[in-house]
Every structure is written in C-alpha cells, then in structure tokens.
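These notes are about the structure you will find just below.
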Amino acid sequence: MKKLTILFILTVSLLNINAQTRDWANFNDNWKFTKGNPENAQTIDFDDSGWESVAVPHDWAIAGPFNEEERGFTGKLPWKGEGWYRKTFTVSSAISDKIVYMMFDGIMAFPKIYINGKLAGEWDYGYNSFYFDVTEYVKFGEENTIAVYVDTRKHGSRWYPGAGIYRKVQVLITDKVHTEIWGTYVTTPVVTKSYSDMRILTNVNNFTEEQKSITVESIIISPEGIEVVSAQSDKRIKAGGSIEFDHWITVNSPNIWDVDNPVLYSVKTIVKDGDKILDESFTPFGFRTFEFTADDGFFLNGKHFNMKGVNLHHDHGPLGAAFNTRAMERQLEIMKEMGCNAIRNSHNICAPELLELCDKMGFIVFDEAFDKWDNKADITPETDFYEFGERNIKNFVMRDRNHPSIVIWSVGNEMGDIQGNSNYGLQKLAAMVGYVRKYDITRPVTMACDQDGNAKWRHSDYYDVHAYNYGQRWEPARKLDPSKAVIISESASTLSTRGFYELPLPEKKTDFTESLQMSSYDLHAPYWAEIGDDDFMWVENDSYITGEFVWTGFDYLGEPTPHFSSRSSYFGIVDLCGIPKDRFYLYQSHWRPEKDMVHILPHWNWDGYEGKNVPVFVYTNGDEAELFLNGKSLGKKSKNPKSEVSTERYRLMWLDVIYEPGELKAVGYKNGRVVGEAIVRTASDPKTIKLTPDRYDINATGDDLSYILVEAFDDEGNICPLADNLVNFKIKGPGEIAGVGNGNPQSHEPFIADYRKLFNGKAMLILKSVKGEPGSIEVSASSDKMKGTKVSIVSR
C-alpha cells in the first residue's frame, strides 16, 4: 500500500504543480475487495488486510462457480449480493487549493462512495458514468481512505450484468476555475468539402469566493496535431457560479469523418485569468453530416448509407463484465471483417472506450440508455422517475454528445407500458425525449419498439425515427406516420451453436430438439424473430429502411433462448470466445460484396451417415458455385435475387448430397469469374494441438491481451471438427491466463482456469500481460494422446 501512496503523491503533485492545469489520474490499481457486508467497512481504521487484492475494472462474479441447477437467464454466475472495495491514497498538500473529483465509469450496482468514513455520494444506475466533487472529504498531505459499497440485490436483468466496479476509475484535479466535466459541446452546423462552420459551447465553473474575469480560448487541432484556427472571448463569472462561452469558428477544407476515413480533430480549451492558464482540456470530434430520410433511408456525408449493424452486449465472454479496451477492440475488428459498419449498445449506456473505438475505427452508433424502465434500469418502486431520468440522461448525453460515430439516441428498449400508453407511458416518453433534446439538438431520438399492435397509440409522435425489433413490426407505425425513417433495431435472432449441425433440417424455425444445442445450418429462430436472410430481403425491398442491427454480433452470458439449462446465448454471429460461426460468412457474403470469399458447411465427419443425405450450404459473394465431392461435380447452383424465399436469394443449397467420407469442395463464381474455393475434409483422430495468437506482441500494461486459438488436427493436417479433448495450459514468463472458453453454451467449466475442453475442435485461451514486466511469454498446451505445442508472445 505504501508503494501506491507514493506513486499517487508523485502523480498528483508533479503533474498538477508543474502544468498548473487539470490532470486525470488512473485510480484502478491496488484495491482491496470482499463479498458481503462487514460492519463498519466504510471507516478509516477498518482492517481490510484479509481482503482480496484486485485491480479495477473488476467483476466479482465471473470466476464463478456456476450454479448448474439455476435457470440460465442471467448466466448462472453469483452476481447477486453485496460487496466492498477499499484503498488508501494521499493527495499532496501542495495542491490543497485545487478541486478533487472522483469519476466512475460504471459500478454494478447502487454504489455508495465513502471518503474517510463519510458518505461522499451514491448513484442508482449501474451502467452510467458519474462523478463527485470530493474536495471537502479529502485530507491534503495525509493518508485518505476510500470505501465503495456495492449492492446488486435490487438490480434486475435479462442477461448477465456482472458485479462490482467493472469500469475504470479516475481522479481529476483541477483549478477552482475550470471547464465543467463534459462541459464542452462541439457542433458542426455546416460541413462541406471546402469549409465547415463550428459552434463550440463551453461551460466554465468558478468555485472561488470572488468574481473572476476569465478568458476562454478554443483551438482546433487537426488530426496531425497542428493548430488550425482558434477563437477566444472574455467574461466575468460570479463567485460560486458558472457561465457559458459561445465560439463560432470556420475551418477550411476539413478532413471529413467517415466509416472509411475515421479522422478526428479536437478542441483544445484553455481557461485563463489574464496570462495565467488555469485549465486546459481536449475534446475530440469529427466533421460529418448525416440525415434520416422518410423514403430513401440514411445518408452519411451526402451518400446513401446502409446500416449493416449488430447489437453488442457489454460482457466480454470469459472475461465477464469487467471492461477491457483490447477485448472490445477485438470484437470490433471481427465485426469490421464481417462487413459490419454500425453498433447498437444493447441495451444500456456503454463504456466510453467503446465510443472512442467506434470513432477511431469507423462505425456509426445507435446509442442507447436503458433496457425497459424498471429494475433493469435500477428503477425501483421508491425511485422518482423524472428526477432519475433527467439526471441519468444528462450524464449519458453530455458524456457522449461529441462523438462523431453517434447518429441517434435511444431512450430505451421494449418498454411495454410506453408502447401501450399505460402507467403514464406517453408522459414518461415525452419527458425522456425532452431530457435528451435539452443536452443535444443535433441528433434524432428514438425508442426501440416490439409491439406492432400498439402503434395506434401514436407514441411515434414523441420521437424522430421508427425503431422496431423483428418481424416487420414497423409496418403499422410506418402506415400511421410515413414521415419517419425506419431502423430495424433488432433483426434476425437466428439461433446456432458454433460447429454443431443436426439432421434432418428443420421444417419450421422453431423446431428445436432435445440436443440442447442449435444447428449451424442457420435455419432456427424464436417464434418472434426470423433468420438473417429475411432481413436482407426486407432491407432490399423497402428503400425507406435505413438498415438493421442484428441480434447479436457476439454470444453473451445469459438469455440462452430456447434452452435455459445453458448459461450463455445462441444468438451471436460469433461465439462467446470470438470464434466465428458459419453465419459470420453469410453476413460477410452479403455485407462485403466486393470481398471474394467462399464458405462451405457443414463439416465432413458424419460417421454412420454413409449413403444418407447430408445437405450442403455455400456462402459466397459470387452469384453461383459448383460443388465437388471427392472430385466429382455435384452441379452448380445459382442465387435467385428475385425469389420471395429469402434463402434462395443469399445462399446456395445442395439439399440432396449423399454422404461419403473424403473431400468436399465448393468453387465460387461471380459473372463467370472464379472468386475462390472452400474445402472441408473428413478428419481422423485428433493428434496435434495448434496454438494461433491473434497478436504476438502485447504491451506490459497489465491489461493488454492476446487471444490464442486452440485447435485439434489429425496427422494429415485436417482440423478435427468433433474433438472434445481436455487441453492443459502452462505459462512461463510475465503473463497470466485472463480466461479460457470454448463457445459451448452448455459448459459449466470455470472461465478462470488453466485447462479447457475443446468444443467442436476449438477453444480459446486469453493471455494477459503483467503490469510493468516486459519479456517473452511462453504458452504451452498439452493433452492426452495428442502432441503438445508451444507459442511465444512478447510483452513490451
């Protein structure tokens, strides 16, 4: 603890005395944690020496154990309960004239923050960012104790929420005269290739006891780091007050932000008293235009833009809900490779790093605040709905409003009382939408609906864009109000298990079996939903639809429809570990028509099916393909873009292939040109393990990751698609196992372990660096009756 204290003194004192401006200090390390609610845990002299040492972000439940007897709605993990976090820190007496803020990006749930035994603040929505001015509670030059109480018992959820301080914590030191947190608001009313007009609103606080004459300068910084243009003005701010500065700036020849050109500028805001700089902050932004049209969909920078979107939950699979920037970046990389260009953060306020990544990587965002307005949003019977709503919407919008990736706000998902106008539903909706518009006027507002029959209540009068989930349920609302564009805010909900295939093919989408897995022929969906091909067809048929957001990009913990003995979902295009399912290639073939690709399914290990029918599907960007079995052509199939049967438009299907072991090959064509081929072969027994890291170089920051794919192969180099061998792992060097998984929704093996069974031939090991310890990390894998292997990762 002394090491932490000294480092914190150095960080705070040096950065703030020398720069004389604001400083954000990382506050994530050296916490103590315990589950339960020990008496007087908030007090200074409480003995926490027996508690667990942790760093945040931290999810106390992900290590398990699983409750195998529990239904899988929220992942079968022990997230319900109470917990405490504590740490000590020192703030230099040299900065006793400063303001000290504590910023939390998310605590699940109902946190109470104590500084030196006194309640400094509390919050009531586990997915929101919040901060407190803790200056009056801090003892400058002395040791301080922070204690955070967490209680998830009142939180409701339809999936795994996680538990604890699961996002980052920061301390902000500022002058008493400073720009308010999230107090710079950048808008670009006019954007052209030759120039852009900007408006920058900056709210400045004066926490001194006297009136101040203050100068605020707004400087535009180019993507290359060059100061482009600036504006400044002077105002008097009364003691204890705040005032807004309004700057209009023209930037010539702006570099336009786009999903294919995600360039960011920033506003450097300087607050001065005469020549003395009191505060300096940076606000990233981008120049871009967008428009939702009633009949022609969505336009980005004047060009028609089809939203090829996915819904993403906040968990990282085996890592749980504790936010990790690299884990999130990897998810987005995989989605980008598939052709995805839009993200809906379902259904809650996301970590700010997700939006930063979307800005930098080129995604547009459907930014959503709540899943229903009940205990899933931490709204209890005692909650003052309107006070809660305005306070949480204020933080949500002010925090996020400068991100160029965000093109629409959503105040919630599937609120039945709102859609049916019960329990003052429309009054609540009007209030929530109004709160959003109070803090941002540049984007439309919506809510995601799922009740087509309740469109008659005209809740659409209160928002700007129709957003509907599944099954063409937008049609009644569209007929009532054709002046609004339509977003398919949740599409598909196709159900599949990676690498699992079941015969015969289902006659109906809801023909589920007792296997407790879902076939990757991609023909299953719940009664309320559809397969992905249907949404492709609907978007193509109706020009007013702006696009879709698939449910979901990745599998997630909880909500294992339709098999609630499982602990994670079947909805993902990619499994819980980040291994693509076959469906990934269906979406890629449609969403990236310029990318030549061919994918074939199923695997070709069907012992006992000799002489029987095993249907074969091919996904390709081509318009036709030819199938070969052991060198013999089984004929060509062509897509039928005019068919009203959606699968005939987007898939190539051989429904009468008689199985024989060997090699199955598909060759794809586009306008007669070969675009590629795909091959699957019958494998023999698994003999070797292969380790394939997604990154061979990581940073020694303590939170950087390498995802290492584990696969089984036979002696001839064929992947073994049914292998379920237990694989053991060993780590040498400055690395740790952050988690393991295999994509099996039925598995109750722990995520934090040094072993994992293969599932349909694959598993994943997630390697984490050790903070401040660079070096070579050797990862080895072994299994009975298989040849082991090693791989080296460098941590720098």
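The values are calculated or read from the model by the stated rules, or taken from the named source; none is laboratory data. These numbers were taken from a predicted model, which means no experiment stands behind them. Note: ideal-geometry Cβ built from the backbone for every residue, glycine included; neighbour counts use all protein chains shown.
Here are the numbers:
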item: Lone qualifier among G739, G788, G772 - being in the same structural domain as D703 (by TED's automatic domain parsing), crowded, with 23+ Cβ neighbours inside 10 Å and touching a residue at least 40 places away in the same chain (Cβ under 8 Å); result: G739
item: Complete set of residues in the range 230-260 that are of a type in the set (A, V, I, L, M, F, W, C) and more than 13 Å from I214 (Cα to Cα); result: A231, W248, I249, V251, I256, W257, V259
item: Selection count, the range 535-569, where residues are more than 25 Å from the chain's Cα centre (by Cα), closer than 18 Å to G471 by Cβ and not aromatic (F, W, Y); result: 4
item: Out of W528, W606, W538, sole residue that is over 18 Å from R344 (Cα atoms), touching a residue at least 40 places away in the same chain (Cβ under 8 Å) and assigned to a helix (DSSP H, G or I); result: W538
item: Residues located in the range 371-387, provided they are touching a residue at least 60 places away in the same chain (Cβ under 8 Å), part of a loop (DSSP other than H, G, I, E, B) and buried (at least 23 other Cβ atoms within 10 Å of the Cβ); result: D378
item: Residue that is touching a helix residue (DSSP H, G or I) at 6+ places or on another chain (Cβ under 6 Å) and over 28 Å from H748 (Cα atoms), where the choices are K112, K87, K139, K118; result: K118
item: Qualifying residue in the range 291-308 (condition: surrounded by 22 or more Cβ atoms within 10 Å (Cβ to Cβ), at negative phi, in a loop (DSSP other than H, G, I, E, B) and under 22 Å from the mean Cα position of the chain (by Cα)); result: no
item: Selection status of D59, more than 29 Å from N392 (Cα to Cα), in a loop (DSSP other than H, G, I, E, B) and at pLDDT 95 or above; result: no
item: Where a residue in the range 418-436 is assigned by TED's automatic domain parsing to the domain that holds Y463 and its partner, wherever it lies, is assigned to a loop (DSSP other than H, G, I, E, B) and among the acidic types (D, E), with Cβ under 8 Å and at least six apart; result: Q419/D450
item: Unmet criterion (only one of (1) part of a loop (DSSP other than H, G, I, E, B); (2) assigned by TED's automatic domain parsing to the domain that holds R391; (3) within 29 Å of E540 (Cβ to Cβ)) for T510; result: (2)
item: Evaluation of I752 against (1) under 30 Å from the mean Cα position of the chain (by Cα); (2) buried (at least 17 other Cβ atoms within 10 Å of the Cβ); (3) among the hydrophobic types (A, V, I, L, M, F, W, C) (one fails), failing number; result: (2)
item: Residues being assigned to a loop (DSSP other than H, G, I, E, B), within 29 Å of the chain's Cα centre (by Cα) and surrounded by fewer than 18 Cβ atoms within 10 Å (Cβ to Cβ) - total across the range 701-728; result: 2
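Condition check ((1) surrounded by 20 or more Cβ atoms within 10 Å (Cβ to Cβ); (2) touching a residue at least 60 places away in the same chain (Cβ under 8 Å)) across all residues:
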| residue | (1), (2) |
| --- | --- |
| Y137 | yes, no |
| E143 | no, yes |
| V148 | yes, yes |
| G156 | no, yes |
| I165 | yes, yes |
| V169 | yes, yes |
| D175 | yes, yes |
| T184 | yes, yes |
| T208 | no, no |
